[in-house]
Amino acid sequence: MASGNSRTIEEIDNMVEMVNLIKTLGISHEGLETLEQMRARVRTALDSSVEKPSWTAGQVRILQKCD
């Protein structure tokens, strides 16, 4: 991974590389035994890390200054 080349999770075929990625991302690797399990855990962690607002459009209020 240090080569600077961009790769997808699916292209990582070395368990040591995948473990290093998991550790770098701060993901728990407890109970993982196969490369596919590791890929699935990384995918799940990345999917859930996408920032989602905790509000809906109807809850937003914009305050305007009145002179």
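Quick notes on this one:
- The residue pairs whose first member lies in the stretch 14-40 and is in contact (Cβ under 8 Å) with a residue 24 or more places away in the chain, whose second member is surrounded by 15 or more Cβ atoms within 10 Å (Cβ to Cβ) and in a loop (DSSP other than H, G, I, E, B), and whose beta carbons are closer than 7 Å, counting only pairs six or more residues apart or on different chains, are Met18/Ile12.
- Residues of the stretch 24-41 satisfying the condition of being under 14 Å from Asp13 (Cβ atoms), outside any loop (DSSP other than H, G, I, E, B) and in contact with a helix residue (DSSP H, G or I) (Cβ under 9 Å, 6 or more places away or on another chain): Leu35, Met38, Arg39
- Subset of the stretch 11-24 [within 13 Å of Leu46 (Cβ to Cβ) and exposed (fewer than 10 other Cβ atoms within 10 Å of the Cβ)]: Thr24
Read-outs throughout are calculated quantities, based only on the coordinates presented, and are distinct from any laboratory measurement. Computed from a predicted model, the values in this text were never measured in an experiment. Cβ coordinates were reconstructed from backbone atoms using ideal geometry, including for glycine residues, and neighbour counts include every protein chain displayed.
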